Amino acid sequence: MPNKDPKAAYEQLKRWRAANPEKMREIERRYQEKNRDKIRETKRRYYEKNKQKADEQKRRWREENPEKIRDSAHRSYENNKEAIREKNRRWAEEHPEKMREYSRKYYANNPEKERERRQRNAGGAREASRRYRARIGTVGRRIQHWAQNHDLQPEDWAVLWDAQDGLCYLCSQELAPDKAHIDHDHRCCEKDHSCRYCRRGLAHHACNALIGMAADDPARLRRIADNLEIALKDTDARLALKPQQDTLLLALGHARPETTAGYTLTDNPEAAAAAEGLPVPARLRKVAG
């Protein structure tokens with residue numbers, strides 16, 4: 001005969017539940033499967049009606065049960081590893097800027113963890129990098145460098161190349177596509193980076209280095225060119241007289257005129273007169289005392 005006392009009935013039910021946990025779990029599982037939509041709707045209405053209270057309860061529970069949260073997350077990841085990895089991969093491909101910003105903040109806030117992780121995975125990272133570089137090849141690495149450092153896609157690079165007719169924009173000489181360097185104004189972007197505002201063109205490595213050594217100063221480069229032109233003319237004149245100077249030095253008794261230091265004239269007056277008649281540098285006209 002059923003117990004008519006509500007308190008006694010509740011206590012009896014409580015004892016039965018405590019004594020039969022497996023049966024209770026099975027009953028709850030069947031009920032949830034049968035009434036999934038009903039339970040979800042009930043929870044949704046309760047949350048909308050008690051949002052602040054529910055959020056506070058959830059926050060306190062998370063603070064009081066960090067181990068349970070970690071265990072639950074770990075079990076969920078282990079049970080759905082491939083699906084989670086694929087989801088994360090798609091999200092990273094769709095949000096590259098957010099991924100870079102997230103990584104930058106994480107590295108800045110966790111330098112010790114990042115250092116330990118890199119040391120722990122140094123060998124594997126090197127091997128993975130080697131395999132990746134071998135897979136994408138030289139062209140792939142250049143395309144990746146353009147995209148990451150210069151915000152250039154292959155079609156953008158092709159527009160630059162066609163605009164210059166395949167010539168260095170500095171010296172107007174032919175460029176090799178795999179040797180072309182992207183020159184930019186360093187007042188805007190840092191080294192090995194550029195944007196559409198500071199990018200100046202494609203150049204030889206030597207030409208790019210030359211203007212960099214001259215601090216991108218056209219006036220300085222003009223002075224260098226003018227002085228180099230004068231020096232070349234002077235050098236050409238001296239080089240034209242080199243055979244005569246070597247012949248004279250041999251006549252003076254110097255069998256190997258590789259050095260010009262310390263030459264002396266002998267007592268031969270004809271040789272001395274011939275030496276004085278040549279416009280040789282002053283260092284070749286040393287006469288012994």
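The values are calculated or read from the model by the stated rules, or taken from the named source; none is laboratory data. Source: prediction; values computed, not measured. Heads up, the Cβs are rebuilt from the backbone with ideal geometry, glycines too, and the neighbour counts pull from every protein chain shown.
Condition check ((1) within 20 Å of the chain's Cα centre (by Cα); (2) assigned to a helix (DSSP H, G or I); (3) under 14 Å from residue 199 (Cα atoms)) across all residues:
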{"site": "125", "(1), (2), (3)": "yes, yes, no"}
{"site": "132", "(1), (2), (3)": "yes, yes, no"}
{"site": "143", "(1), (2), (3)": "yes, yes, no"}
{"site": "146", "(1), (2), (3)": "yes, yes, yes"}
{"site": "152", "(1), (2), (3)": "yes, no, yes"}
{"site": "155", "(1), (2), (3)": "no, yes, no"}
{"site": "158", "(1), (2), (3)": "no, yes, no"}
{"site": "161", "(1), (2), (3)": "no, yes, yes"}
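Out of all the residues in the stretch 87-100, is one or more touching a helix residue (DSSP H, G or I) at 6+ places or on another chain (Cβ under 6 Å) and of a type outside the set (S, T, N, Q)? Walk me through how you get there before you give the answer.
First, pick out the residues of the stretch 87-100 that are touching a helix residue (DSSP H, G or I) at 6+ places or on another chain (Cβ under 6 Å): 92, 99.
Retained after the next criterion (residues that are of a type outside the set (S, T, N, Q)): 92, 99.
The answer is yes; a qualifying residue exists.
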Taking the condition part of a loop (DSSP other than H, G, I, E, B) and under 16 Å from the mean Cα position of the chain (by Cα), does residue 170 pass? no
Residue 138 fails exactly one of (1) touching a residue at least 12 places away in the same chain (Cβ under 8 Å); (2) surrounded by 11 or more Cβ atoms within 10 Å (Cβ to Cβ); (3) out of contact with any Lys or Arg (no Cβ under 9 Å at 6 or more places or on another chain), namely (2)
Apart from one, (1) surrounded by fewer than 10 Cβ atoms within 10 Å (Cβ to Cβ); (2) modelled with pLDDT of 85 or more all hold for residue 105; the odd one out is (1)
Find all pairs meeting these conditions: Cβ atoms under 7 angstrom apart; at least six residues apart or on different chains; first residue within the stretch 199-223 and among the polar types (S, T, N, Q); second residue in a strand (DSSP E or B) and surrounded by 16 or more Cβ atoms within 10 Å (Cβ to Cβ). 208/181; 208/183
